[in-house]
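Read the structure below first, then the notes.
The values are calculated or read from the model by the stated rules, or taken from the named source; none is laboratory data. As the structure is a computational prediction, the values presented were derived from the model and not from experiment. No Cβ is skipped: glycine too gets one built from the backbone with ideal geometry, and neighbour counts run over all protein chains shown. We work out accessible area using only protein heavy atoms, side chains counted, and drop any ligands, DNA or RNA first. Shrake-Rupley method; radii C 1.70, N 1.55, O 1.52, S 1.80 Å.
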Amino acid sequence: MHISYSQLASDLASALAGFLDLAEARAESRRWFQEGLGLPASWLLVHGDDPVPEEDAAKVGLWLERRRQGEPWSYILGWCEFRGRRFQVTRDTLIPRPETELVLEAALEVGRRLGVLHACDVGTGTGILAVCMALETDWEVQASDISLGALKAARANAAALGAKVAFQRGHLLAPLKDPLGLVVSNPPYVDPADAPGLQRELAFEPATALFAPDRGLALSAEILREARRRAAPGCVLEIGAGQGEELTARALASGWKRAVVHQDLAGHDRCLMALL
């Protein structure tokens with residue numbers, strides 16, 4: 001027996017509300033229709049009484065089973081939007097978060113103020129920072145990641161979006177060529193001790209891209225040291241809540257003259273800018 005699209009939307013929102021906040025469930029339900037089935041809200045207003053084809057009903061049923069297991073919607077879909085661009089995501093990459101746009105904006109501002117000609121994205125993942133910098137500036141951009149799977153996704157994203165980025169495999173700044181220019185990174189910064197209390201969806205994302213030793217600070221501190229040692233004019237990092245004060249101290253101890261922390265809309269430390 002066929003059901004209507006309106007009924008399917010209602011049933012889906014109710015099912016998602018079994019493990020999500022009600023507002024989240026409704027918003028995600030709309031995303032499934034728009035991104036997964038290609039049916040925007042305006043279409044549903046007109047065609048809500050249309051019967052759902054078996055193919056669409058089957059798709060939603062399979063997606064729901066995966067989602068009930070905790071798998072994030074972006075992995076089920078296979079892509080995520082960032083800054084109005086579609087980026088492929090895989091289980092080898094973190095899912096881009098809206099907060100990372102604050103880091104990109106800071107990097108663009110700092111880079112233009114410094115007049116840089118080069119920039120690098122350390123631990124590029126899906127390549128969002130590198131690709132956006134390449135598309136929105138005239139900088140020569142390179143990027144690194146230790147994961148072959150992540151580099152495969154990042155290269156595919158750069159090619160699909162027409163961005164010129166030189167990708168290199170290796171640990172942090174090690175594979176990148178001088179001059180580095182502005183160093184930009186969204187490195188792993190989660191304290192491994194916090195793992196048990198994290199939302200279940202994070203279990204699907206690569207642990208090597210989430211967690212860092214020394215209470216989540218180790219890789220950020222290493223990037224700050226290496227960027228300074230290799231004469232980068234500036235360094236812009238995404239950081240975790242509550243990490244600003246200590247990473248500011250470590251930046252200054254590494255030889256940076258200034259370090260400024262920006263907070264996100266929730267009031268959490270989110271971006272560290274280290275400057276000469």
Original post:
Relative to the longest principal Cα axis of the chain, at what angle does helix 22-31 sit, 0 to 90 degrees, rounded to 10?
Top reply: 90
**OP:** For an R0 of 51 angstrom, estimate the FRET efficiency from the Cβ-Cβ distance between Asp214 and Lys59 and round to the nearest 0.05.
**Re:** 0.70
Subject >> Sulfur and carbon atoms: percent of accessible area, the chain [1.4 Å] >> reply: 52
Original post:
So how far apart, in nm, are the two label points at Ser6 and Leu202 if each is 7 Å from Cα heading toward Cβ?
Top reply: 4.1
Original post:
How large is ³J(HN,Hα) for each residue in the stretch 234-250, as worked out from phi by the Karplus curve 6.51 cos²θ - 1.76 cosθ + 1.60 (θ = phi - 60°), to whole Hz, x for Gly and Pro?
Top reply: x, 9, 10, 10, 7, 10, x, 4, x, 9, x, 5, 5, 5, 4, 4, 5
Original post:
Using modelled amide H (1.01 Å from N, peptide plane; none on Pro or chain starts), what sits under 5 Å from the amide H of Phe82, excluding residues fewer than 5 places away?
Top reply: Phe87
Subject >> Count, lysine Cα pairs under 26 Å in the chain, 8 or more residues apart or across chains >> reply: 4
Original post:
So how do 135-143, 43-51 stack up, highest first, on mean other-Cβ count within 10 Å?
Top reply: 135-143, 43-51
**OP:** Provide the per-residue ³J(HN,Hα) series for the stretch 164-173, in order, calculated from phi with Karplus coefficients 6.51, -1.76, 1.60 and θ = phi - 60°, each as a whole number of Hz, with x at glycine and proline positions.
**Re:** 8, 9, 8, 8, 10, 9, x, 7, 6, 7
Original post:
³J(HN,Hα) across the stretch 123-140 via Karplus (A = 6.51, B = -1.76, C = 1.60, θ = phi - 60°), whole Hz, x for Gly/Pro?
Top reply: x, 5, x, 6, x, 4, 5, 4, 5, 5, 5, 5, 7, 9, 9, 9, 6, 7
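Per residue, how much accessible area does the chain have with a 1.4 Å probe, in Å²? Can you show the working numbers first?
Details: 13310 Å² over 276 residues.
With all protein chains present, the chain gives 48 Å² per residue.
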**OP:** Please list, in chain and number order, the residues 5+ apart from Ala143 or on another chain whose amide H is under 5 Å from its amide H, with Hs placed from the backbone.
**Re:** Asp121, Ala166, Phe167, Gln168
Original post:
Which three semi-axes in whole Å describe the equivalent ellipsoid of the stretch 1-86, each the square root of 5 times a Cα gyration tensor eigenvalue, listed largest first?
Top reply: 20, 16, 13
Subject >> Degrees separating the helix 100-114 axis from the principal Cα axis of the chain, which is the longest one >> reply: 30
Subject >> Computed [θ] at 222 nm, deg cm²/dmol, the chain (DSSP H ≥ 4; -39,500 (n - 2.57); rounded to nearest 500) >> reply: -12000 deg cm²/dmol
**OP:** Using only the Cα atoms of the chain, each taken as one equal point scatterer with no solvent, compute I(q) by the Debye sum, divide by I(0), and report log10 of the ratio at q = 0.08, 0.10, 0.15 Å⁻¹.
**Re:** -0.38, -0.57, -1.08
**OP:** Give the Kirkwood hydrodynamic radius (Å, one decimal) of the stretch 78-144, defined as one over the mean of 1/r across all pairs of different Cα atoms.
**Re:** 12.3
Original post:
Which value, in Å² rounded to 10, gives the accessible area of Lys152 with a 1.4 Å probe and all protein chains present?
Top reply: 150
